[in-house]
Amino acid sequence: MLTGWLAEVGESPAAEAVGAELVARWSEAHRRYHTLTHLTAVLAAVDRLADVADDPRAVRLAAWFHDAVYDGRPGWDEERSAQLAQSRLPRCGVPPARIAEVARLVRLTAAHDTLTGTDRNGAVLCDADLAVLGGDGYEEYAARIRQEYAHVPDDLFRQGRAQILRRLLAVPQLYRTPQARELWEGRARANMSAELATLG
């Protein structure tokens, strides 16, 4: 796992320390879905879409940080993750302009629907983050999300989850890149519609 991180930032004691911290964060015991498995899947999806991005390296770094802080508090988690990127990446010698782009991309994952049509880096990161919706193992993904919100009563969780799914299904195109639409759009809509039907 760290090999991929060091490929993006270069090898140095500081880079190794930051990479180890990130792996530890993604391995926290309270996580059920937002784990190293999710990170690995997002990075793999970024690689499939990287030709679309203006700065694939910034997108990969944003993937590493996008759920690095995860307490199940939407908006807050992304903001803290962006701040973590801003504090850690200078130690790794990442240029300031790229750090700013990484932080912007991490914040963007709090609300994918704020993405503009000209944001190629954002399109790749958001599509990679949502790739799970159209991939194998959707039911396991949904079950793990429920586990992360085990503190929320069933009726409230069903209401909130249904609202999210309806919002995602309402957009004309879930994925912003042509490659992602071809790979995942149809199956993602079928998966989400099937889950929504179970939520009442």
C-alpha center-to-center spacing [the range 161-176, the range 94-149] in angstrom: 14 Å
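Can you tell me the alpha carbon radius of gyration of the range 40-83 divided by the globular rule-of-thumb value 2.2 N^0.38 Å?
Numbers: Rg = 11.5 Å, N = 44, 2.2 N^0.38 = 9.3 Å.
Compared with the compact-globule rule of thumb, the range 40-83 sits at 1.24.
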Cα shape, the range 1-80, gyration tensor, a/c 1.5 rule: oblate
Protection proxy ranking, peptides 52-60, 190-198, average beta carbon neighbours within 10 Å, highest first: 52-60, 190-198
Environment charge at residue 6 (Cβ cut-off 15 Å; Lys +1, Arg +1, Asp -1, Glu -1): 0
Formal net charge of residues neighbouring residue 149 (Cβ-Cβ distance under 14 Å; K, R +1; D, E -1): +2
Residue 12-residue 47 pseudo-label distance in nm [points 7 Å out on the Cα-to-Cβ vector]: 2.6 nm
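For the range 1-126, which whole-number percentage of the solvent-accessible area (1.4 Å probe, protein heavy atoms only) is attributable to carbon and sulfur atoms? All intermediate terms of the calculation are to be shown ahead of the outcome.
Numbers: 2970 of 5550 Å².
The nonpolar share, carbon plus sulfur, comes to 53 percent.
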Nearest 10 degrees, 0 to 90: helix 120-129 Cα axis against the chain principal axis: 60 degrees
Average accessible area per residue (Å²) across the chain - probe 1.4 Å, nucleic acids and ligands excluded: 49 Å²
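Quick one: if the Förster radius is 30 Å, what FRET efficiency do residue 189 and residue 149 give, using the C-beta to C-beta distance and rounding to 0.05?
Numbers: r = 23 Å, r/R0 = 0.77.
After rounding, the FRET efficiency stands at 0.85.
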Structure-derived P(r) over Cα pairs in 10 Å bins from 0, in percent - corresponding label in (i) 9, 37, 33, 16, 4, 0; (ii) 8, 32, 35, 15, 6, 3, 0; (iii) 9, 36, 37, 16, 3, 0: (iii)
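Which sequence of 65, 157 reflects their accessible areas, 1.4 Å probe, from the largest down?
Numbers: 65 0, 157 30 Å².
Per-residue accessible area, sorted high to low, gives 157, 65.
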Theoretical gain in end-to-end length, residue 36 to residue 196 [0.36 nm per residue, Cα-Cα removed]: 54.9 nm
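Where does the charge balance sit around residue 86 when Lys and Arg score +1, Asp and Glu -1, over other residues with C-beta under 12 Å from its C-beta? Don't skip to the end; give the middle numbers.
Numbers: positive: 80, 88, 91, 98, 104, 107; negative: 79, 101.
Overall, the nearby charge balance is +4.
Per residue of the chain, what 222 nm ellipticity follows from adding -39500 (n - 2.57) for every DSSP H run with n ≥ 4, rounded to the nearest 500?
Numbers: 10 runs with 123 residues, N = 200.
Calculated mean residue ellipticity at 222 nm is -19000 deg cm²/dmol.
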Magnitude of the charge dipole, the chain, Cβ model with Lys/Arg +1 and Asp/Glu -1, debye to 20: 280 debye
Virtual spin-label span in nm between residue 139 and residue 182, 7 Å along Cα→Cβ: 3.0 nm
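Rounded to a whole number, what is D in µm²/s for the range 100-200 from Stokes-Einstein with the Kirkwood radius over alpha-carbon pairs (25 °C, 0.890 mPa s)? Don't jump to the answer; show the numbers that get you there.
Working: Rh = 14.5 Å.
Value of D from the Cα-based Kirkwood radius: 170 µm²/s.
At 0.36 nm per residue, minus the direct Cα-Cα distance, what do residue 86 and residue 1 gain on full extension? Give it in nm, one decimal, please.
Values: separation 85, 0.36 × 85 = 30.60 nm, distance 2.14 nm.
Here the answer is 28.5 nm.
In percent, how large is the relative contact order of the range 1-125, given Cα pairs closer than 8 Å and 6 or more residues apart? Could you put the intermediate results ahead of the total?
Details: 143 pairs, mean separation 34.7, N = 125.
This gives 28 percent for the range 1-125.
The values are calculated or read from the model by the stated rules, or taken from the named source; none is laboratory data. Predicted, not measured: the structure shown is a model, and the values here were computed from it. Every residue, glycine as well, gets a Cβ built from its backbone with ideal geometry; the counts of neighbours run over all protein chains shown. Just the protein is used for accessible areas: all its heavy atoms, side chains included, with ligands, DNA and RNA removed. Shrake-Rupley method; radii C 1.70, N 1.55, O 1.52, S 1.80 Å.
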